[in-house]
Amino acid sequence: MANSLVIKNGLIVNEGSITEGDLAIDDERIAQVGGIASGTNEIDVNGAWVIPGMIDDQVHFREPGLEHKGEIRTESKAAVAGGITSYMEMPNCIPQTISQDRLLAKIERATHVSHANFGFYLGATNDNLEAIKSVDTSLACGVKVFMGASTGNMLVDDEATLHGIFESSPLLIATHCEDTPTIEANERVALEEFGEDMPASQHPLIRSREACLKSSTLAVSLAKEHGSRLHVLHLTTADEMALFDPGPIAAKRITAEVCAHHLFFNDAWYESKGAYIKCNPAIKRRSDQLALRKALVEDRIDVIATDHAPHTIDEKQQPFALAPAGLPLVQHALLSLFEQAIEGIFDVTTLVHKTSHAPAELYQVAERGYLREGYFADVVVVDSARSTAIDEEPILAKCGWSPFAGITFASRITHTFVNGHLVYEESGVASEPQGQRLTYARAS
């Protein structure tokens, strides 16, 4: 019986190797990986890379409550154009996702409009420990703990609550680690000297390396004390790398993430980009950027994500101290990573491992994250022979801008498949959303 679709003549990047051949899809699933296959429809990719779609474990799609910045529909459209076929969305929307009912409401929203597969975090606060303990673990990818400044009451700084979360969470704990008192003290100094229109170069001094290290150290110590599964998000400093052990992700209870923009940018970019690269934690020194890249190759850092967090251009054009932190990244993050692979900073198999295989393993995502027969056909084609000039591309995120403006990447995403459906090609994104709720292969 013929397959419904065959991607012909690709360089298949999967599970640590690159092989020439075809990839066959039948209905929603991968039917054949490698060799020669035939199908009712065939797409000849002529030596382009064929990879499993990125599983982005950290996005802020702003719905509900902040739809002027972004929506699940618009941001997932940008995601599939950027080769992200699954995402895990954060709880600091309005209302915050801090109960099981609100998890269910988000799932219901996404079911009808998401172009990529979706999962959601349950958010922690100083007063919802019982909701964390009792959550149906099939509904959430993890528990998000803001151990740094955040929206509303989502800063968790009560010592007893932190111990309770780390002792009793039934799900992986994902943390944003910055020490708020340190940040507030640094900010007072900067405002006194410069006022609200301070130079952008003050941002990594306010959201300092000391603030990051102090909070990350606390999170790791709590996880070791309680035997928790801890995943520290968006690390930014060389100092923090010593907190994490090298080695395969399957052997770890404590894991680490880096974001694409912290690998690509450093503080030299503040002069030209200003608030357009203002994010929390802050982009820091060139030496930190190099340390993050090294730790990635050493397997100290396990996962690469985006932390996609859009704001309107008007919001970003306020005086620097008032401009909100966060960048729209899902459409171009993967291209920025391929840029570094092409430059030889890390290899393509490492890139695929950190963006697809590792997040699938860490979050125990069922039947995704690999190109395997029987797995869901979440597949991306990246052509290294064709470039992408960001200024010449439509920006699909609702905010309409990109921190990569002015940059041309040496590769191009030409096709994205979600659950066997061609959802993106260069003519645009398919009108019908094909995303499904992520399921997890967890022991009961």
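The values are calculated or read from the model by the stated rules, or taken from the named source; none is laboratory data. In this text the structure is predicted, and so the values were computed from the model without any measurement. Reconstructed Cβ throughout: ideal geometry from the backbone, glycine too, with neighbour counts over all protein chains shown. Side chains are part of the model used for accessible areas, which takes the heavy atoms of the whole protein and leaves out ligands, DNA and RNA. Shrake-Rupley method; radii C 1.70, N 1.55, O 1.52, S 1.80 Å.
Some points to look at:
- Single residue of Gly70, Gly82, Gly53 found to be touching a Leu at 6+ places or on another chain (Cβ under 8 Å) and either within 12 Å of Val381 (Cβ to Cβ) or open to solvent by less than 10 Å² (accessible area, probe 1.4 Å) (or both): Gly82
- Of all residues making up segment 184-201, the number that are open to solvent by 10 Å² or more (accessible area, probe 1.4 Å) and either in a helix (DSSP H, G or I) or modelled with pLDDT under 95 (or both): 12
- In segment 247-262, the residues that are modelled with pLDDT of 95 or more and open to solvent by 60 Å² or more (accessible area, probe 1.4 Å): Pro248, Arg253
- Where a residue in segment 57-73 is charged (D, E, K, R) and its partner, wherever it lies, is open to solvent by 30 Å² or more (accessible area, probe 1.4 Å) and not in a loop (DSSP other than H, G, I, E, B), with Cβ under 6 Å and at least six apart: Arg73/Val113
- Among the residues listed as Ser76, Ser17, Ser99, the single one being touching a helix residue (DSSP H, G or I) at 6+ places or on another chain (Cβ under 8 Å) and within 21 Å of Gly374 (Cβ to Cβ): Ser17
- Within segment 346-361, considering residues that are over 24 Å from Phe118 (Cα atoms) and touching a residue at least 60 places away in the same chain (Cβ under 8 Å), the one least open to solvent (accessible area, probe 1.4 Å): Val348
- Scanning segment 91-102 for residues that are within 20 Å of Ala309 (Cβ to Cβ) and touching a residue at least 12 places away in the same chain (Cβ under 8 Å) returns Pro91, Asn92, Cys93, Ile94, Pro95, Gln96, Thr97, Ile98.
- Subset of segment 202-246 (residues that are open to solvent by less than 20 Å² (accessible area, probe 1.4 Å), part of a loop (DSSP other than H, G, I, E, B) and under 22 Å from Asp57 (Cα atoms)): Ser228, Leu233, His234, Leu235, Thr236, Thr237, Phe244
- The set of residues in segment 433-444 that are surrounded by fewer than 19 Cβ atoms within 10 Å (Cβ to Cβ), touching a residue at least 40 places away in the same chain (Cβ under 8 Å), in a loop (DSSP other than H, G, I, E, B) and not charged (D, E, K, R) comprises Thr439, Ala441.
- Filter result (small (Gly, Ala, Ser) and crowded, with 24+ Cβ neighbours inside 10 Å) within segment 85-118: Ser86, Ala110, Ser114, Ala116
- Looking across segment 413-432, the residues that are of a type in the set (Gly, Ala, Ser), part of a loop (DSSP other than H, G, I, E, B) and over 14 Å from Ser114 (Cα atoms) come down to Gly420, Ser427.
- Only one entry of Glu89, Glu42, Glu63 meets the criterion of being among the acidic types (Asp, Glu) and over 19 Å from Lys144 (Cα atoms), and that entry is Glu42.
- Segment 301-330 residues that are within 25 Å of Tyr363 (Cβ to Cβ), paired with ones that are in a helix (DSSP H, G or I) and hydroxyl-bearing (Ser, Thr, Tyr) (beta carbon under 8 Å, 6 or more apart): Val303/Thr355; Ile304/Thr355; Leu327/Tyr276
- Matching option when the condition is in contact (Cβ under 8 Å) with a residue 24 or more places away in the chain and either assigned to a strand (DSSP E or B) or among the aliphatic types (A, V, I, L, M) (or both), among Ala160, Ala174: Ala174
- Residues that are outside any helix (DSSP H, G or I) and surrounded by fewer than 18 Cβ atoms within 10 Å (Cβ to Cβ) within segment 326-344 comprise Glu343, Gly344, listed in sequence order.
- Filter result for Pro64 (more than 21 Å from Asn280 (Cβ to Cβ), assigned to a loop (DSSP other than H, G, I, E, B) and at pLDDT 95 or above): yes
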